[in-house]
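The values are calculated or read from the model by the stated rules, or taken from the named source; none is laboratory data. Keep in mind that what you see is a predicted model, and the values were worked out from it rather than measured. Because the Cβ atoms are built from the backbone with ideal geometry, glycine has one as well, and the counts that use them run over all protein chains shown. Just so you know, the surface numbers come from the protein's heavy atoms only, side chains and all, with ligands and any DNA or RNA stripped out. Shrake-Rupley method; radii C 1.70, N 1.55, O 1.52, S 1.80 Å.
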Amino acid sequence: MITVADLVKEFGLEVICGADKLQSPLKGAYASDLLSDVMGKAVEGDVWITMQTHRNIIAVASLKELAAILIVNGGRPEPETVTSASSEGVVLLGTNERSFAACGKLYKLMERDALV
Amino acid sequence: MSPVNIIRQAMEKNLDIIAITDHNSTKHCRSAQQIAGKYGITVIAGAELNTKEEIHCLAFFENITRADQFQQYIDDNLTVIPNKAEIYGHQYLVDENEDILDEEDRLLVAALRTGIEDVITEVHRLEGLVVPAHINRMYNGLYSQLGFLPAGLMADALELDRRAGNDGFFQKHPEIGRYPLLRNSDAHSLQQIGTASTEYWLESPVFSEIRQVLSGDWNNRIKSI
């Protein structure tokens, strides 16, 4: 079983919010920057890869019970986004990697555990 | 779509008020307003902004000074991608005689580096009005980009795509009824001018009255057609 903590460790991700919730298992992943699409397609336990930083991403993650949000391209979430993540208990991660590279690395890791 | 042609077409369609809202630019508003003075039509200065979230958002200003001040914000925050005229066309700035004054070399359909809330704050600082555009569209609309209406969004109104109407959007999202709902033609060609519009009950066709309607008892004073 891969956890969010494994992901953070393996790829050296920044934990912006939710350091106490990294033990949740990772069931899959979804990459998209359209929140309407994520609301329709992402499933519970996914890590969501995006460059969106608006506070609505937290509500989407919470609604879909996602394991974590990974913000790529070194994007900085707005202060309200971080506040909202903290009150909703959503794990917010960051990386300077570009989306494709982040997805590729994640895919490899998950393939190892037959999650994709 | 030069300013003079736009205004002639608007007169033809019996419009009393139009707004010039180029993508990420307010630079055509001045010449359009100069021409409008001669024809007796009101031209509101504005822009259609593309926020960091790629939400298209209309901004309207009381006068050219305010629009110019907002241009500075665009210049400070636009992601600079050189325009390729062979793909996107020339981005000429023309005057009232259709003489070319300048060519914008930054791609104007690019996005700003600032998010929707930041854009709203800046437009309001300059006493302008902000209206998220074509919110029911599957791309570049508030709902496609952000999934749902953010709580407490300080928009002055919401705009529905001119092609909308029977798509059940309002039934699905009754929360949009908290805001005045506008329909505009979003004309990208002369032929599209006047294909949708909103009627406002005003004492006179001026920006301050529109602001008053949108911030007050708008329910009985606007009608989308």
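General remarks:
- In region B:112-128, the residues that are in contact (Cβ under 8 Å) with a residue 40 or more places away in the chain and within 13 Å of B:Glu62 (Cβ to Cβ) reach residues that are open to solvent by 10 Å² or more (accessible area, probe 1.4 Å) and of a type in the set (Lys, Arg) with C-beta atoms within less than 6 angstrom, at least six apart or across chains, in these pairs: B:Leu126/B:Arg66.
- Hits in region B:127-139 - residues which are at pLDDT 95 or above and surrounded by 17 or more Cβ atoms within 10 Å (Cβ to Cβ): B:Gly128, B:Leu129, B:Val130, B:Val131, B:Pro132, B:Ala133, B:His134, B:Ile135
- All positions within region A:85-109 that are open to solvent by 40 Å² or more (accessible area, probe 1.4 Å) and in a loop (DSSP other than H, G, I, E, B): A:Asn96, A:Glu97, A:Arg98
- Restricting region B:102-113 to residues that are part of a loop (DSSP other than H, G, I, E, B) and not acidic (Asp, Glu), the residue that is farthest from the other protein chains (Cβ to nearest Cβ) is B:Leu108.
- Residue within region B:78-101 that is away from chain A (no Cβ under 14 Å) and either within 30 Å of B:Tyr179 (Cα to Cα) or surrounded by 20 or more Cβ atoms within 10 Å (Cβ to Cβ) (or both) present: yes
- Across region B:141-150, not a single residue is classified as away from every other protein chain (no Cβ under 14 Å) and farther than 16 Å from B:Asn50 by Cβ.
For (1) out of contact with any His (no Cβ under 9 Å at 6 or more places or on another chain); (2) farther than 28 Å from B:Gln212 by Cβ; (3) aliphatic (A, V, I, L, M), each residue gets a yes or a no:
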residue: B:Glu117; (1), (2), (3): no, no, no
residue: B:Val123; (1), (2), (3): yes, no, yes
residue: B:Asn136; (1), (2), (3): no, no, no
residue: B:Pro150; (1), (2), (3): no, no, no
residue: B:Met154; (1), (2), (3): no, no, yes
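- Top-ranked residue of region B:3-42 - restricted to ones that are among the small types (Gly, Ala, Ser) and crowded, with 19+ Cβ neighbours inside 10 Å, ranked as farthest from B:Asn184 (Cα to Cα): B:Ser31
- Output for region B:43-70, where each listed residue is touching a helix residue (DSSP H, G or I) at 6+ places or on another chain (Cβ under 7 Å) and either within 14 Å of chain A (Cβ to nearest Cβ) or surrounded by fewer than 19 Cβ atoms within 10 Å (Cβ to Cβ) (or both): B:Thr51, B:Glu53, B:Glu54, B:Ile55, B:Cys57, B:Glu62, B:Ile64
- Residue within region B:115-126 that is closer than 18 Å to B:Gly46 by Cβ, more than 14 Å from every other protein chain (Cβ to nearest Cβ) and open to solvent by 50 Å² or more (accessible area, probe 1.4 Å) present: yes
- As a summary of the residue check, B:Arg30 satisfies the conditions (1) without any contact (Cβ under 8 Å) to a residue 40 or more places away in the chain; (2) touching a strand residue (DSSP E or B) at 6+ places or on another chain (Cβ under 7 Å) except for the one numbered (2).
- Flag for B:Ile135 being in contact with a Phe, Trp or Tyr (Cβ under 7 Å, 6 or more places away or on another chain), free of Cβ contacts under 8 Å to residues at least 60 places away in the same chain, among the hydrophobic types (A, V, I, L, M, F, W, C) and within 14 Å of chain A (Cβ to nearest Cβ): yes
- Residues of region B:205-225 that are at pLDDT below 95 and open to solvent by less than 50 Å² (accessible area, probe 1.4 Å): B:Gly216, B:Ile222, B:Ser224.
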